[in-house]
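The values are calculated or read from the model by the stated rules, or taken from the named source; none is laboratory data. Just so it is clear, the structure is predicted and the values come from calculations on it, not from any experiment. With ideal geometry, Cβ positions are generated from the backbone for all residues, glycine too; neighbour counts draw on all protein chains shown.
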């Protein structure tokens, strides 16, 4: 199935308890597309960068057969930049600097060659921009997934609720689920959020794995892999989304069973990302590594 992802392609500068980087390539759509490329033979992306964005990264996308027709390159402008510092537990971080640059006026244009997409992954962006992308498609995709964050819940809730009505899968973390629903119990929170529009809800719990809910009252819990070293959690959630959606795009149909397998695949892909800074680990994987990692999850959860 044809997969289109929308989100940021950006620069990050990251500091964790285990080291720090200067400006490196990041962005939600970067992680989503690279992760999905291991399961989909031609993922397509929609984003924007300035003319300072490295050609070698665009060449990397092409080497992974990622379609960049939807990537706008703004001459004379700078790429979105984010800088942050993680706390000792790696579950929380402080933003040091955010420079919107080209993202401030980002108006996504869906190329005509993307119109027949089967699966649409809306990475974390302004809800109005996410809704704009859906409205540009002449035919509704079979599956639309949305990632968002607490920031939009606080400053653009009406717009966010409008786009949530249009989607099939919502991915948020446990704190965001409680904020969006007003419920502390994650089960109650999930039940309430599923009345807002989506058929499926994924609640990410960081080092404690992820939960999958659907409208039929099904629940699936996926663990997180216990790693010896975690260098950088940046992009782990987006890598998860890319693996999740990439796997679903490789299936003949989308069912509860395929959703459960997709959660494990997404978790496996995210576990690679955190082992190095930025996209360093995710960009050079092979099938054997991925299969072995997925099997580790199987061994952890079978009894």
Discussion item. Would you confirm whether or not the range 35-56 contains a residue that is outside any strand (DSSP E or B) and free of Cβ contacts under 8 Å to residues at least 24 places away in the same chain?
Written reply: yes
Practice prompt. Give the range 104-119 a look and list any residue that's outside any loop (DSSP other than H, G, I, E, B) and either modelled with pLDDT under 95 or in contact with a helix residue (DSSP H, G or I) (Cβ under 8 Å, 6 or more places away or on another chain) (or both), or say none.
Written response: 104, 105, 119
Practice prompt. Go through (1) in contact (Cβ under 8 Å) with a residue 24 or more places away in the chain; (2) over 21 Å from the mean Cα position of the chain (by Cα); (3) within 26 Å of residue 249 (Cα to Cα) and name the single condition residue 5 misses.
Written response: (2)
Worksheet item: If you check every pair at least six apart or on different chains, which have Cβ atoms under 9 Å apart with a residue in the range 74-85 that is on the phi > 0 side of the Ramachandran plot and at pLDDT 95 or above first and a residue that is in a loop (DSSP other than H, G, I, E, B) and surrounded by fewer than 19 Cβ atoms within 10 Å (Cβ to Cβ) second?
Response: 76/51
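Residue check: is residue 262 within 20 Å of residue 31 (Cα to Cα), within 20 Å of the chain's Cα centre (by Cα) and in contact (Cβ under 8 Å) with a residue 40 or more places away in the chain?
For residue 262, the condition - within 20 Å of residue 31 (Cα to Cα), within 20 Å of the chain's Cα centre (by Cα) and in contact (Cβ under 8 Å) with a residue 40 or more places away in the chain - is not met.
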Fill in: Any hit, the range 287-297, residues being outside any helix (DSSP H, G or I) and either at pLDDT 95 or above or closer than 22 Å to residue 42 by Cβ (or both)
no
Discussion item. If I ask for residues that are farther than 18 Å from residue 108 by Cα and in contact with a strand residue (DSSP E or B) (Cβ under 6 Å, 6 or more places away or on another chain), which ones from the range 25-35 would you list?
Written reply: 26
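Results for (1) at pLDDT below 95; (2) over 15 Å from residue 201 (Cβ atoms); (3) more than 13 Å from the chain's Cα centre (by Cα), shown as yes or no for each residue.
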site	(1), (2), (3)
127	no, yes, yes
141	no, yes, yes
172	no, no, no
189	no, no, yes
Worksheet item: If you go through the range 124-158 one residue at a time, how many are under 30 Å from residue 94 (Cβ atoms) and in a strand (DSSP E or B)?
Response: 3
Discussion item. Just to verify a result, which residue in the range 4-26, among those that are touching a helix residue (DSSP H, G or I) at 6+ places or on another chain (Cβ under 8 Å) and within 19 Å of residue 129 (Cβ to Cβ), is surrounded by the most Cβ atoms within 10 Å (Cβ to Cβ)?
Written reply: 5
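Test residue 46 against the stated conditions and say whether it is surrounded by 24 or more Cβ atoms within 10 Å (Cβ to Cβ) and more than 30 Å from residue 117 (Cα to Cα).
Spelling it out, it is not the case that residue 46 is surrounded by 24 or more Cβ atoms within 10 Å (Cβ to Cβ) and more than 30 Å from residue 117 (Cα to Cα).
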Worksheet item: Which condition does residue 97 not pass, out of (1) loosely packed, with under 13 Cβ neighbours inside 10 Å; (2) touching a residue at least 24 places away in the same chain (Cβ under 8 Å); (3) part of a loop (DSSP other than H, G, I, E, B), if it passes all the others?
Response: (3)
Worksheet item: Can you name the residue in the range 61-94 that is under 23 Å from residue 274 (Cα atoms) and touching a helix residue (DSSP H, G or I) at 6+ places or on another chain (Cβ under 6 Å) and is also surrounded by the most Cβ atoms within 10 Å (Cβ to Cβ) among such residues?
Response: 80
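Residues are listed down the side, and each one gets a yes or a no for (1) surrounded by fewer than 22 Cβ atoms within 10 Å (Cβ to Cβ); (2) in a loop (DSSP other than H, G, I, E, B); (3) modelled with pLDDT of 95 or more:
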residue	(1), (2), (3)
220	yes, no, yes
228	yes, yes, no
234	no, yes, no
239	no, no, yes
243	no, no, yes
247	no, no, yes
253	yes, yes, no
262	no, no, yes
Worksheet item: Within the bounds of the range 191-214, is there any residue that is over 19 Å from the mean Cα position of the chain (by Cα), part of a strand (DSSP E or B) and surrounded by fewer than 18 Cβ atoms within 10 Å (Cβ to Cβ)?
Response: yes
